[in-house]
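Only one structure is covered here, and it is reproduced in the block below.
Values in this text are rule-based calculations from the coordinates and carry no lab data. Given the structure is predicted, the values throughout are model-derived calculations rather than measurements. Please note: Cβ atoms are built from the backbone with ideal geometry, for glycine as well, and neighbour counts cover all protein chains shown.
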Amino acid sequence: MNVASSIPSTIQRLTSVDKFLIGGQWVTPSSRERFPVIDSGTEQELMRVAVANAGDMSRAISAAREAFDKGPWPRLSHAQRAEYLRAIANGIRARADDFSQMWPRESGVLYAEASALTPAYADTFDYYAGLADTFDFERPATPTAGGNFGLLVREPVGVVGAITAWNGPLAQITYKVAPALLAGCTVILKPSPEAPGEAHIFGQILLEIGLPAGVVNIVPADREVSELLVRDPRVDKITFTGSTAAGRRIASLAGERVARVTLELGGKSAAVVLDDADVEATAATLAAGGCFNTGQVCSSLTRVIVSRGRHDALVEALADAYSKIRVGDPFDPTTEMGPLAAEHQRDRVESYISAGRQEGATVATGGGRPSYLNAGWYVEPTVFAGVDNSMRIAQEEIFGPVVSVIPAPDDRTAIDIANDTIYGLNASVFTPDVDRAREVAGQLRSGTVGHNAFRTDFGIAFGGFKQSGIGREGGVEGLLPFLETKTMIFNDAPRNYRS
């Protein structure tokens, strides 16, 4: 059976797409406005989903505020909340193919990749459940300015507005909602109206496991209504994944009322290829990583910096590797790269390819649309050679399978070029010498630095320097932004305190 054939049953199970999850139930929207969700590989309409207006958003915020201020959720023990997280994990596993069917159609990722990654998001809910037993939410502290007994307590930050992008919906939901729930927060989840399917599947799981009313509310909305979520004084924290431009706007609005923010934003990540790196192996590695999710990944290594003497050899190897990537149906097991998520996204990528040519860079491979694909938002993997770091294709996030090769006279200049960007999300150093890799990694202004590969690790921490964001997601570091630190100082230890 073709794996694509199960989409009708997946859509049929999404009986909630014309409703919002608010206060523990699917509720009817205030208006009849619906947003079409288009299959990125076929250009056919999948479904129409409800989008929130101002009244719907206010209702969702009220439900989350009520659940935090008066509901049981923040008053449960961490162990009790952890049981709900484990139930969510099991729910994701039970609906794994529904998630895996939806992600390629909404975003363009390969079905094989979606199927491999979805179980990991269930595991992440289990991971955060496990922190209920290992993380110090409360610990004694010795007073230094009076009093005889101190406690350092980490309490939930409050009501959280979680805004996710269209390129990896379940991943973003997971790394925002799982730690927020363990902390004791309540959530308004605002998925992109272009990719709301996975959020609706997630909402169905929440109702099936009996999550208390109002703890998680789900309301797809456009940018204007999303700003109401950011502005609302009833919302204590915003966690956002998206473009740096949108992140600047969110930060400015949140700053007006000193709301807490976590921002996971754009990138223009550098691969620094040292002179002892194997050219063929480096090219193969970069090509494999650069086409994951059709390059629609904020941490993709899109700037390749190499010495002038090896520039042509690396370009030739990259062009050969990229030209062999099989582009096509994301459900075909022989496909190595699927479509871009939407027509406007392909238009954006093509506009950058045109700009690169106009600025004098050379297209070594790609640069167009696959001639054999008549439908879907497809583009060829593209390698630019002879790129100057001042060019738009080297400075601006393209969010597609386009890589720029930049020559540098020496290692010191290569590091300077890597750091010469407003971004600082990811980087990698290619060399067989781990000591050289460590030395260069220490000089790169980037939230993650890998060695001989595209590497990010949400099990440790993920986030960026500079305009790539504020805060971290994943691991213990990803729990901390959902907690406020409180100092308690007593004359004596409380009788009910247990170390």
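Under 19 Å from a label point 7 Å along Cα→Cβ of Ser77: give me every residue in the range 142-181 with its amide N that close.
Residues 153-156, 181 fall inside that zone.
By average Cβ neighbour count within 10 Å, what is the ranking of 144-154, 263-273 from highest down?
Highest to lowest by the protection proxy: 263-273, 144-154.
Taking Rh as the Kirkwood radius, which is the inverse of the mean 1/r over Cα pairs, what is the Rg/Rh value for the range 337-449?
Computed over Cα atoms, the ratio is 1.03.
Lys190: which lysines have alpha carbons under 20 Å from its alpha carbon, excluding same-chain residues fewer than 8 sequence positions away?
Correct list for Lys190: Lys19, Lys176, Lys237.
Of the listed peptides 155-168, 472-485, 432-445, what is their order by residue-averaged count of other C-beta atoms within 10 Å, with the highest listed first?
Order by mean packing, descending: 155-168, 472-485, 432-445.
Classify the range 22-126 from the C-alpha gyration tensor, please: rounded if a/c falls under 1.5, else prolate or oblate depending on whether a/b exceeds b/c.
oblate
So, in nm, how far is label Asp222 from label Asp433 when the simple model puts each one 7 Å beyond its Cα toward the Cβ?
Modelled inter-label distance: 5.7 nm.
If you take every DSSP beta bridge whose two residues both sit in the range 269-451, what share of them, in percent to the nearest 5, is antiparallel?
Details: 3 of 25 bridges.
So the antiparallel bridges in the range 269-451 amount to around 10 percent.
So, counting K/R as plus one and D/E as minus one, what does the shell of residues with Cβ under 15 Å around Thr365 add up to?
-1
Using only Cα atoms, figure out Rg for the range 442-499 and give it as a multiple of 2.2 N^0.38 Å.
The reported ratio for this selection is 1.75.
List, in order, the whole-Hz ³J(HN,Hα) value for each residue of the range 97-110 obtained from phi through the Karplus relation with A = 6.51, B = -1.76, C = 1.60 and θ = phi - 60°; use x for Gly and Pro.
Working through the residues one at a time gives 6, 4, 4, 5, 6, 6, 4, x, 6, 7, 10, x, 5, 5 Hz.
Order of His311, His78, His200 from fewest to most other C-beta atoms within 10 Å?
Sorted ascending by nearby Cβ count, the order is His78, His311, His200.
Indicate, rounded to the nearest 5 percent, the antiparallel portion of the DSSP beta bridges found entirely in the range 345-490.
Of all bridge pairs located within the range 345-490, approximately 35 percent are antiparallel.
In whole Å, what are the Cα extents of the range 121-196 along the three principal axes, biggest one first?
Taking max minus min along each principal axis of the Cα atoms, the range 121-196 gives 56, 23, 16 Å.
Please order Phe384, Phe68, Phe490 by the number of other Cβ within 10 Å, starting at the fewest.
Phe490, Phe68, Phe384
If I model the range 398-499 as equal point scatterers sitting on the Cα atoms and use the Debye formula, what is log10 I(q)/I(0) at q = 0.13, 0.16, 0.19, 0.25 Å⁻¹?
-0.61, -0.81, -1.05, -1.43
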